[in-house]
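These notes are about the structure you will find just below.
The values are calculated or read from the model by the stated rules, or taken from the named source; none is laboratory data. On a predicted model such as this, the values are computed, not experimentally measured, just so you know. Quick reminder, even Gly has a Cβ in these numbers, built from the backbone with ideal geometry, and neighbours come from all protein chains shown. In case anyone asks, the SASA skips ligands and DNA or RNA and just uses the protein heavy atoms, side chains included. Shrake-Rupley method; radii C 1.70, N 1.55, O 1.52, S 1.80 Å.
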Amino acid sequence: MAVEMKVPSVGESVTEVTIASWVKKDGDYVEMDEIICELESDKATFELPAEAAGILRIVAQEEETLEIGALVCRIEESAEASPTAETPKVEEPAATTTAAPVAAASGSGEIIEVTVPSVGESITEVTLSSWVKKDGDTVEMDEIICELESDKATFELPSPSAGVIKIIAEEGAVIPVGDLVAKITAGAGASSTAPTPAAASPAAASAPSGGKDTYASGHPSPSAAKILSEKGIDATAVKGTGVDGRVTKEDAQNAQKAAPAKASPAPAAPAPAVSEGDRGQRREKMSSLRKTIAKRLVSVKNETAMLTTFNEVDMKPIMDLRKNYKEKFKDIHGIGLGFMSFFTKACSIALQEFPSINAYIDGNEIVFNDFADISIAVSAPKGLVVPVIRNAEKLSFAGIESEVMRLALKARDGKLTLPEMTGGTFTITNGGIFGSMLSTPIINAPQSAILGMHNIVERPVAINGQVEIRPIMYLALSYDHRTIDGKESVSFLVRLKQLLEDPMRMMLQV
């Protein structure tokens, strides 16, 4: 009986793949789960394991493009005895003996598949940002083996069992939720048995499954081969960064033809090479987080009637208040008194007075919130994140400062959870810490408005007929004009100005 192997689904947006290369030849005997070929989509390269043990009958040829579900090959299960019957090659027994210790090691313990867990309703795929463990490493149960990155957060993947890890997915690959990442051969003994066959049989050094030199080492993918051919570059001269050293499309694009070293007997030739080095370029894949940020920002610009209104705030009263009480505040509450607590508190008060600023559109309805969950835009190492301060209208200044500090530290360390970044009703972003004087922030959908803070600059202002130098900050309020009228947005900013220029109003709620 033959098992038909078809192109598996590798993501919602992927409809076809290319047979990059066959690892096994037609007529070869393959073990179950043994890699038989490499497939390449427009997003990633991945390996196809055998679904049964038997004789491989190849149907699709290398560089052939197949739709998802198309037939790739057949495996004749009834021919298990074939390898012993037809073993003319010397390499075949070597491969079998190499696989045997692995099978023996795995035979003592269960092979556990590690898949991408569900991390949220709206998340369908993640990016494997980095492996903490290497292929063949021994891992303990619950030990972190890799780091995954969704479009909203970064999280670590622990090992479900102790044993020896076999890595399936490569770094940078985009993997659907539920897909295979690695396999764990359960049992601590697996690590000790693994090196034994290597010592017993030096021939195993050339085995394809153990070391990094595999069929993929130095071999270009079809697209990479085409680019290298057009450039006239030999693939062996390019260092591959793909799986097991495979030469990827990016490697080919970045490859440059070898300098005319052979025809350079003259010593004056190196001069132009230095100038070329000063004009280097590099390409990096966009992370899932960056792609989502880009997609959402463009979406908001296209789908809302966004408008921005401005005002300015004299920061002297707040600065005087901080100067007089910041030490006492820290002694009592154990945290510094920053500007963010004043702005968050002022916004929570103004949002209750102008509920449309705190609302959002849901279909044909407008949803009004009687609470103020204020999102704080934070620039994290991997991109912009927006954790939420819940019920800011009920928090004291110390409570707000504590929340800001807690969320900022988690953002810096990449430890924010999805619940901590969802559900905000209004956003504050502070470009002033980077020196921005004025900007038009983009709404954090589905919210309807966002407040932009900017740097504080001493400017001459007229006060009671006299020119005085005051610390001034420009404020910008971007809002969705579909639900917020100009009068409300301007009045909201004026109310913020009143509260910030006279902080006592916030204490008294007047």
*Determine which single condition Ser159 fails, assuming it passes every other condition in (1) modelled with pLDDT of 80 or more; (2) of a type in the set (Ser, Thr, Tyr); (3) farther than 30 Å from Val386 by Cα.*
(3)
_Neighbours by Cβ (under 9 Å, 6+ apart or cross-chain): first from the range 396-419, free of Cβ contacts under 8 Å to residues at least 60 places away in the same chain and closer than 11 Å to Ile335 by Cα; second of a type in the set (Gly, Ala, Ser) and open to solvent by less than 30 Å² (accessible area, probe 1.4 Å)_ = Gly399/Ser341; Gly399/Ala392; Glu403/Ala392
*asked:* Tally up the residues in the range 297-336 that are in a helix (DSSP H, G or I), of a type in the set (Ser, Thr, Tyr) and either in the same structural domain as Ile469 (by the TED database) or surrounded by 13 or more Cβ atoms within 10 Å (Cβ to Cβ) (or both), please.
replied: 1
*Answer yes or no as to whether Ile366 is out of contact with any helix residue (DSSP H, G or I) (no Cβ under 8 Å at 6 or more places or on another chain) and in a strand (DSSP E or B).*
no
*Just for the range 56-97: of the residues that are hydrophobic (A, V, I, L, M, F, W, C) and in a loop (DSSP other than H, G, I, E, B), which one is modelled with the lowest pLDDT?*
Val90
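Conditions tested, residue by residue: (1) of a type in the set (Phe, Trp, Tyr); (2) at pLDDT below 85; (3) surrounded by fewer than 19 Cβ atoms within 10 Å (Cβ to Cβ).
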{"residue": "Val102", "(1), (2), (3)": "no, yes, no"}
{"residue": "Lys134", "(1), (2), (3)": "no, no, yes"}
{"residue": "Ala169", "(1), (2), (3)": "no, no, no"}
{"residue": "Val174", "(1), (2), (3)": "no, yes, no"}
{"residue": "Val177", "(1), (2), (3)": "no, yes, yes"}
{"residue": "Val181", "(1), (2), (3)": "no, no, no"}
*asked:* Gly432 - would you say it is open to solvent by less than 50 Å² (accessible area, probe 1.4 Å), touching a strand residue (DSSP E or B) at 6+ places or on another chain (Cβ under 6 Å), small (Gly, Ala, Ser) and within 19 Å of Ile293 (Cα to Cα)?
replied: no
*Collect the residues in the range 283-296 that are charged (D, E, K, R) and not in a helix (DSSP H, G or I), keeping them in residue-number order.*
Arg283, Glu284, Lys285
*Thr427 passes all but one of (1) within 18 Å of Ala392 (Cβ to Cβ); (2) assigned to a loop (DSSP other than H, G, I, E, B); which number fails?*
(2)
